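The values are calculated or read from the model by the stated rules, or taken from the named source; none is laboratory data. Predicted, not measured: the structure shown is a model, and the values here were computed from it. Glycine also receives a Cβ, built like all others from the backbone with ideal geometry; neighbour counts cover every protein chain displayed.
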There are 2 protein chains.
Amino acid sequence: MTEKQVKVVFTPSGRRGSFPMHTPLLDAARSLGVDIDSVCGGRGLCGRCQITCAEGTFPKHQIQSAITHLSPLSETEKSYSQRKKPLANGRRLSCHTLLLDDCVIDVPPESQVHRQVVRKAAEHRDIELDAATRLYFVEVPEPDMEVPKGDLQHLLEALEAEWGLTGLLCDTALLRSLQPALKKSGRSLTVAVYKNTSIIALWPGVHLSLYGVAVDVGSTTVAAHLCDLSSGEVLASASMMNPQIRFGEDLMSRVSYVMMHPEGAAEMTGIIRDALNDLFTQVAKQVKGSVEDILEITLVANPIMHHLLLGIDPVELGGAPFALTTDAAIEVPARELDLHINHGGRLYVLPCIAGHVGADTAGVILSEEPQNQDQMTLLVDVGTNAEIVLGDKNRLLACSSPTGPAFEGAQISSGQRAAAGAVERVRIDPQTLEPRFRVIGSELWSDEVDFAAQTSKFGVTGICGSGIIEVVAEMFLAGIITVDGVIDGALVERSSRIIADGRTFSYVLYQPDATAVIGVERTTPITITQNDVRQIQLAKAALYAGVKLLMDKVGVERIDRIRLAGAFGSHINVKHAMVLGLIPDCALDQVSSAGNAAGTGARIALLNNKSRNTIELLVTNIEKIETAMEPKFQQYFVDAMAFPNKTDPFPNLFSVVEKPVDKVATEVPGSRKRRRK
Amino acid sequence: MTEKQVKVVFTPSGRRGSFPMHTPLLDAARSLGVDIDSVCGGRGLCGRCQITCAEGTFPKHQIQSAITHLSPLSETEKSYSQRKKPLANGRRLSCHTLLLDDCVIDVPPESQVHRQVVRKAAEHRDIELDAATRLYFVEVPEPDMEVPKGDLQHLLEALEAEWGLTGLLCDTALLRSLQPALKKSGRSLTVAVYKNTSIIALWPGVHLSLYGVAVDVGSTTVAAHLCDLSSGEVLASASMMNPQIRFGEDLMSRVSYVMMHPEGAAEMTGIIRDALNDLFTQVAKQVKGSVEDILEITLVANPIMHHLLLGIDPVELGGAPFALTTDAAIEVPARELDLHINHGGRLYVLPCIAGHVGADTAGVILSEEPQNQDQMTLLVDVGTNAEIVLGDKNRLLACSSPTGPAFEGAQISSGQRAAAGAVERVRIDPQTLEPRFRVIGSELWSDEVDFAAQTSKFGVTGICGSGIIEVVAEMFLAGIITVDGVIDGALVERSSRIIADGRTFSYVLYQPDATAVIGVERTTPITITQNDVRQIQLAKAALYAGVKLLMDKVGVERIDRIRLAGAFGSHINVKHAMVLGLIPDCALDQVSSAGNAAGTGARIALLNNKSRNTIELLVTNIEKIETAMEPKFQQYFVDAMAFPNKTDPFPNLFSVVEKPVDKVATEVPGSRKRRRK
């Protein structure tokens, strides 16, 4: 006599089937290919396979109590509730719940292996969770003298029998902990398996902590985000200044340091690795865990940081032909680079694109997915060089343009790094030519009542990158600067803000109070010199010329969509940028900050193993344009020196230029914190 | 108009073909699949592709001078002769020699990649040279700004284009040396490629040194043999006492040490690795090379040494069920075990067979090839345990038998390790019961004139393993010991050599001269006590019972061939061993020493990559017998306590027993040196 058949539907997948009464729900789900997580393999230990019974929704049935559809709460479930974590109302462990009658079972997102990880910005697709490393609990048979066999071989056979994992390798360094772990736990283990091929860690008994860190190594800031590889959640974040700053603010001065010091590269490699290790310890501490629980690192960096981190002297990147040592993705045990996570933990570094277009840009692409866009999309990441990607679903091009460090506040007379006291917002009255401004660390404008009091702790110290853009743009809009970038000396008559400075003129943005207590406050005025304006002209001309070159190659006159990545992109006022001609004309509502897109790319690579193949393949197919080799680049550069520039009509910009600039600001809330640390 | 076709035959392969006149010989050889070595890829740099023209042997031609068959000596060849090594008479570089007319070309063995490496013993097949690591010289294109690409990618493309190596990986640690090497050499490199899959080392320009080390880690002695991986030659050897001896002479006392000291395993791991590193330095120094030139290590060891070397606590091997951590072969970068060869160098450890049957036995099997024998072959390797393999081409069985350390001279009242002064040969006159003996370090018998003078430096200090066998066997042949192993007290009447020793009797082998200067010389007599005889009985009964068990399993009554491996096998007198019943009856000329077969196995695995698959597959198919689980073992053991034993008729032995024992000694000349170091 055959057992009575019972029907079951799983949501949200909609998969359905009939099973003999008393079939465990997890078994039914598996045979239907329903995505339910389990680390312990149905032993009621891990709590990952929880479901709820969506009773009464089954068409042909009346509403019934759950008890008639499913077996009553088992001893294993009661024990789990007591020992681990109480089961929420209506939740059951599907491995210990048997089918009794037709029913609909809901698999909540946290019980799915391949759940979607929600990204903040609405325009992005969510990340499909599919981490390279997974945990498997397994019971290993006792050694048998009749069939002498290594304990590793017992383990491998159990993993094959229970989880279908075949041909697994095992890190040799793990062998020493195998027998002690088996002994401690009565021969049950949790193993971490990397890419379905290698056992990279093991723990006695049930182990459920599985973390990865997504790392963004910038020239200025290094940030790490600890993610739970089982849920995709970001659990902790930490960042710090790149300690290499003491060898030079910008990348080229660090390369110069390396050239002049035989041990310079090794020294810089050492301190950046130490910095990362600090961050790993910090984020692990934030979740009250240990770096031992971190099994993976994914990392993005510009080419020079990338090479230094790998221990490679970046000297070849300091001059033509800017030859990378490797442009391929790197996959290596983290310990080989002295990165201290779990001994078997792996590091994945995204591929570089070209000598000036690094793994950080690969991260931006992974995050922004220009290859999936119908719209012609421009991605710009500004640092010492601007890394530029242009394209759509048909093709992608990339180049780098030598903007120099002016956008970062360097080589500007009163320039400084973005930090408390730095001018970041400026407005100039076109009538009076009087400015008002805001500094980082205060929400007040300089003409508001409590400004002096609120900024007294740090003072007004200089101008940061976004402040420079604003003040030059406002000077242009107020008529202080001509189309050719000349500060108009005739205005000396109209305003004391315009002063002669040898044979050129300067604009006085800020005059310190002569009565101020000398301390944090600067004692000299903040002026915008003719040379400062020239530096901005050179930088923006380089950026624009690079973009124009790619537009040429693609054969488009217009760009549909612009995404500005990184700290610069988060803080810049789009309209000011367009006033200066940094970026080509585009509908203003199609210009936005991509936030920390490079870091997001690292997080995608961390949470979704397949995305690594995607970006590796994509990078090999990107058309790499070397601006220095393009005869047209020089002409575009010269043409772009004017404000906004000679070749772009900027209809979108001038249709809105009468509105106050504030109304079109694009700053992304919350994107600022990290930068100011 | 097509070029005139020329015929060429290559010897010894006999491959032949027609080619356009002026075809380089190397190209012709390659297109015919003739095995000619080349590291530099036909650039006349490496000198590996030398050939001679066996002129006039082509049937349809008259004898002609070589000049008409081949192009005259090229500038490249002249330059090679001057810069590197003069070309021997008649030798040409096939890469720079063009075919002019029909001819026969001889490829000498040293120009063949897959040459045969001759093994000493005539009964062995030679080793086919096919090392896992090979060198490839390559010229790497200059970086090109038009097509930005990493230098690694340039290198990989060049290796694919020139050598057909596809999909190569590259050790991440090598990346840092890539660009400096390219710079140093004008962008030419030699790379070492492991198993056609990974670049593990690189050097600027042409590099031809490529060494591997075969290592045999015994409980007592550790030996390393440096081989040229391009020629298969053993270039240097070194050995030392296993420094773990200070934790215990035999394996079990070392395991006890580990059990009693929490850091004991780590300590022993450290000192054995240090010892290996010493040996690597020594052998590299012998060839005036550096450990950097060593790219591979292959290693055999018993299970406990194997585990300690891998950093695994061997405590589970100290008691039932004797569970190995792993029985699989180990393949790992040597640096991961702190072994100092080239940073990218690889270690291969042969697989273990069972808890007591280690990678050393796998080495013996690889060397002896019982799986290819028609004859039923017994392989015995005696240490603290005897590792026993029995079988032929149809099936192989293995077991280990707990002989204890008596055969190594331990637990014997006057026993000692084989060293100068240890008694190793003994004869007892059946009439007078007077003994004569020889000690290690002297070729004289104790009754010869200069014996005392020649041994005065070290004296007569004790009895080593082979000496124990001899003296007990001689005592049995002289009637001093009964079939049951009892020293016959009645003989006290006949000889002062027999003395009462409590309730049992002893035989005085050596009475020190009362007048001897006290120093190296021992002052107490060397006696063979009743307990000594019992220890030998227990040991030999265990060995014999193990063999008998395997014979039972196979279902044979007789063994065709016996090979005794290791130091014990090299020094033992076969007839004495048979007199005692250590080994079953067998035609005496079919019993021989296998020499250091385990070490030879390591060398085979070093020189021939495919042999690794062979032994791995073979080991999984060996039937492993656990003597402790076999009810019959105990009975066989008891039966084998008698001399020779109760179940074996020993017809072969007794047909020759009248001949003096000396005539059937099987010592292998030259096999002794290593042991005595």
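Picking from residues in the range A:157-167 that are among the acidic types (Asp, Glu) and out of contact with any Ser or Thr (no Cβ under 8 Å at 6 or more places or on another chain), the one that is farthest from the other protein chains (Cβ to nearest Cβ) is A:Glu162.
In the range A:569-587, the count of residues that are crowded, with 20+ Cβ neighbours inside 10 Å and more than 24 Å from A:Phe637 (Cα to Cα) is one or more. Scanning the range A:417-438 for residues that are over 15 Å from A:His571 (Cα atoms) and either surrounded by 24 or more Cβ atoms within 10 Å (Cβ to Cβ) or not hydrophobic (A, V, I, L, M, F, W, C) (or both) returns A:Gly421, A:Arg427, A:Ile428, A:Asp429, A:Pro430, A:Gln431, A:Thr432, A:Glu434, A:Pro435, A:Arg436. Within the range A:354-375, if we keep just the residues that are in a loop (DSSP other than H, G, I, E, B) and buried (at least 24 other Cβ atoms within 10 Å of the Cβ), the residue that is nearest to the other protein chains (Cβ to nearest Cβ) turns out to be A:Gly355. Among the residues that make up the range A:336-346, is at least one of them farther than 12 Å from A:Ala265 by Cβ, without any contact (Cβ under 8 Å) to a residue 60 or more places away in the chain, more than 8 Å from chain B (Cβ to nearest Cβ) and not in a loop (DSSP other than H, G, I, E, B)? Looking through the range A:336-346, none of the residues is farther than 12 Å from A:Ala265 by Cβ, without any contact (Cβ under 8 Å) to a residue 60 or more places away in the chain, more than 8 Å from chain B (Cβ to nearest Cβ) and not in a loop (DSSP other than H, G, I, E, B). Being out of contact with any Lys or Arg (no Cβ under 8 Å at 6 or more places or on another chain), under 20 Å from B:Thr524 (Cα atoms), small (Gly, Ala, Ser) and exposed (fewer than 15 other Cβ atoms within 10 Å of the Cβ) is the requirement here; does B:Ala453 meet it? The answer is yes for B:Ala453. Of the strands (runs of 3 or more DSSP E) lying entirely inside the range A:455-528, those carrying at least 1 residues that are within 18 Å of A:Arg438 (Cα to Cα) and modelled with pLDDT of 95 or more are A:504-510, A:526-528. Looking across the range B:609-621, just one residue is buried (at least 21 other Cβ atoms within 10 Å of the Cβ) and within 14 Å of chain A (Cβ to nearest Cβ), and that is B:Val619. The condition of being farther than 29 Å from B:Val357 by Cα, charged (D, E, K, R) and crowded, with 21+ Cβ neighbours inside 10 Å holds for only one of B:Arg522, B:Arg497, B:Arg503, that being B:Arg497. Every condition in (1) more than 10 Å from chain B (Cβ to nearest Cβ); (2) at negative phi holds for A:Val332 except the one numbered (1). Has the range B:168-186 got at least one residue that is in contact (Cβ under 8 Å) with a residue 12 or more places away in the chain, away from every other protein chain (no Cβ under 14 Å), assigned to a strand (DSSP E or B) and among the hydrophobic types (A, V, I, L, M, F, W, C)? No.
Considering the range A:202-250, and only residues there that are over 30 Å from A:Ser185 (Cβ atoms) and touching a Cys at 6+ places or on another chain (Cβ under 8 Å), the residue that is modelled with the highest pLDDT turns out to be A:Ala214. Scanning the range B:568-589 for residues that are within 22 Å of B:Asp374 (Cβ to Cβ), among the charged types (D, E, K, R) and part of a helix (DSSP H, G or I) yields a count of 1.
Rundown of residues vs (1) closer than 30 Å to A:Gly363 by Cα; (2) within 14 Å of chain B (Cβ to nearest Cβ), yes/no style:
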residue: A:Gln82; (1), (2): no, no
residue: A:Pro86; (1), (2): no, no
residue: A:Leu100; (1), (2): no, no
residue: A:Asp126; (1), (2): yes, no
residue: A:Arg134; (1), (2): yes, no
residue: A:Gly150; (1), (2): no, yes
residue: A:Gln153; (1), (2): no, yes
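Summed over the range B:201-222, the residues that are within 26 Å of the chain's Cα centre (by Cα), among the hydrophobic types (A, V, I, L, M, F, W, C) and more than 16 Å from B:Ala597 (Cβ to Cβ) give a count of 4. For the range B:637-645, the criterion of a residue being more than 26 Å from B:Ala587 (Cα to Cα) and away from every other protein chain (no Cβ under 14 Å) is satisfied by no position. Would you be able to say whether some residue in the range A:606-614 is assigned to a helix (DSSP H, G or I), within 21 Å of A:Val382 (Cβ to Cβ) and not assigned by TED's automatic domain parsing to the domain that holds A:Ile353? For the range A:606-614, residues assigned to a helix (DSSP H, G or I), within 21 Å of A:Val382 (Cβ to Cβ) and not assigned by TED's automatic domain parsing to the domain that holds A:Ile353: absent. For the range B:291-336, a residue qualifies if it is under 12 Å from B:Pro351 (Cα atoms) and of a type in the set (Asp, Glu), and the qualifying residues are B:Asp327, B:Glu331.
Checked across the range A:648-666, the condition of being of a type in the set (Gly, Ala, Ser), at pLDDT below 95 and over 30 Å from A:Ala420 (Cβ atoms) holds for at least one residue.
Of all residues in the range A:375-391, those that are on the phi > 0 side of the Ramachandran plot have Cβ atoms under 6 Å from Cβ atoms of residues that are part of a strand (DSSP E or B), 6 or more apart or on another chain, in A:Gly391/A:Leu397.
When the residues of the range B:313-329 are filtered to those that are within 14 Å of A:Gln153 (Cα to Cα) and touching a residue at least 24 places away in the same chain (Cβ under 8 Å), the one that is farthest from the other protein chains (Cβ to nearest Cβ) is B:Ala329. Being buried (at least 23 other Cβ atoms within 10 Å of the Cβ) and either in a helix (DSSP H, G or I) or not assigned by TED's automatic domain parsing to the domain that holds A:Leu396 (or both) is the filter here, so list the residues in the range A:550-567 that pass it. If the condition is that a residue be buried (at least 23 other Cβ atoms within 10 Å of the Cβ) and either in a helix (DSSP H, G or I) or not assigned by TED's automatic domain parsing to the domain that holds A:Leu396 (or both), then A:Leu550, A:Gly566, A:Ala567 are the ones that fit. The condition of being out of contact with any Pro (no Cβ under 7 Å at 6 or more places or on another chain), in contact (Cβ under 8 Å) with a residue 60 or more places away in the chain and farther than 17 Å from B:Ile272 by Cα holds for only one of B:Val357, B:Val332, that being B:Val357. When every residue of the range A:530-549 is checked against the conditions, at least one turns out to be in contact with a Leu (Cβ under 6 Å, 6 or more places away or on another chain) and at negative phi.
Just to be sure, is A:Pro148 under 15 Å from B:Ala323 (Cα atoms) and either in contact with a Leu (Cβ under 7 Å, 6 or more places away or on another chain) or modelled with pLDDT under 90 (or both)? Yes; evaluated as a whole, the condition is true for this residue.
Would it be correct to say that B:Ser466 is closer than 23 Å to B:Gly566 by Cα, in the same structural domain as B:Ala419 (by TED's automatic domain parsing) and crowded, with 16+ Cβ neighbours inside 10 Å? When the stated conditions are applied, B:Ser466 passes them. Candidates in the range B:187-198 are the residues that are at negative phi and surrounded by fewer than 21 Cβ atoms within 10 Å (Cβ to Cβ); of these, the one that is farthest from the other protein chains (Cβ to nearest Cβ) is B:Ser188. Checking B:Pro148, B:Pro141 one by one, the residue that is crowded, with 21+ Cβ neighbours inside 10 Å, more than 30 Å from B:Leu235 (Cβ to Cβ), not polar (S, T, N, Q) and not assigned by TED's automatic domain parsing to the domain that holds B:Leu366 is B:Pro148 and no other.
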